[in-house]
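A quick write-up on the structure given underneath.
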Amino acid sequence: DCPPLPAGADPTRWECLVMIVNGGSLTLGGIDQQITQPMKIIVQTGPPAAGGPNELKQVRMDATPMRIPGGVLGMLGLDVPSWADDIPGNEVLVRPHHAGGFAFELPNARVDMRVEILNLLLGDDCFIGTQTEPISFNLIADLSTLRVISPGNPSDPLAQPFTIAATASDNTFTVPRATCSIWGWPMDWVAGLPSPSGNNQATFDSYIAIAPYAATSTMRDPRTFSID
């Protein structure tokens, strides 16, 4: 999944990081969502033209929409049967998108997201958070959950990267109002937005793999990876 290198790049000096969130939960105001589909963040770093420490070159997020149990009625706090999730006007899906900012200091991460709200009545442009006012997560790993999945293979690092797993969380972020055209204020009312710091929670169970694009005799310990 790592992006291709630019022409002429030295693969021993470029690195790829893949972070996969495959469990946990997300509370945004009145929206409570279990992570039921994987979220994948793919990061490429490389040296600047003038030399020096690696810098971010590309960040991409791939995510599958997740259904909010109970849909619109569930968000209103009503007890609804499971079959109501399939009613088109009631069904609500959420899909996270990267919103520009990313920083990583193993095993912690900071990432900016906006969350797309998918519903038959909301149209194609309903988001919580924007590129200029994103939801900014400062994810701090619980070190008691940190474990090494693979030490990696220095002779073939991209095929067998250094890989860890950990649970990280944040409850300090704020959630802005929704941008949903004429449906913005009803969405804010239903979802309890904007939502201040302390009212929201993110807990992500993650796998993180880091590797240079090619083996090098001077490959540094990936546990020192840091980029901002």
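The values are calculated or read from the model by the stated rules, or taken from the named source; none is laboratory data. Computed from a predicted model, the values in this text were never measured in an experiment. Neighbour counts run over all protein chains shown; Cβ positions are idealised from the backbone, glycine included. Areas reflect the complete protein model, heavy atoms only, side chains present, ligands, DNA and RNA absent. Shrake-Rupley method; radii C 1.70, N 1.55, O 1.52, S 1.80 Å.
Exactly one residue out of Thr174, Thr130, Thr145, Thr163 is open to solvent by 30 Å² or more (accessible area, probe 1.4 Å) and either within 21 Å of Asp62 (Cα to Cα) or touching a Leu at 6+ places or on another chain (Cβ under 7 Å) (or both), and it is Thr130.
Might you check whether a residue that is open to solvent by less than 30 Å² (accessible area, probe 1.4 Å) and either under 28 Å from Arg177 (Cβ atoms) or assigned to a loop (DSSP other than H, G, I, E, B) (or both) occurs anywhere in the stretch 49-56? There is no residue in the stretch 49-56 that is open to solvent by less than 30 Å² (accessible area, probe 1.4 Å) and either under 28 Å from Arg177 (Cβ atoms) or assigned to a loop (DSSP other than H, G, I, E, B) (or both).
If you go through the stretch 30-51 and keep only what is in contact with a helix residue (DSSP H, G or I) (Cβ under 9 Å, 6 or more places away or on another chain) and at pLDDT 90 or above, you end up with nothing. Taking Thr163 as the residue in question, decide whether it is under 23 Å from Asn199 (Cβ atoms), in contact with a Gly (Cβ under 9 Å, 6 or more places away or on another chain) and either modelled with pLDDT under 85 or not aromatic (Phe, Trp, Tyr) (or both). For Thr163, the condition - under 23 Å from Asn199 (Cβ atoms), in contact with a Gly (Cβ under 9 Å, 6 or more places away or on another chain) and either modelled with pLDDT under 85 or not aromatic (Phe, Trp, Tyr) (or both) - is not met. Test Asp125 against the stated conditions and say whether it is acidic (Asp, Glu) and under 13 Å from the mean Cα position of the chain (by Cα). No; evaluated as a whole, the condition is false for this residue.
Of the residues making up the stretch 100-121, those that are at negative phi and open to solvent by 30 Å² or more (accessible area, probe 1.4 Å) are Glu105, Leu106, Asn108, Arg110, Asp112, Arg114, Leu118, Leu120, Leu121. Remark: pairs (first residue in the stretch 18-33, in a strand (DSSP E or B); second residue among the polar types (S, T, N, Q) and surrounded by fewer than 16 Cβ atoms within 10 Å (Cβ to Cβ); Cβ separation under 6 Å; 6+ apart in sequence or on different chains) = Ser25/Gln34.
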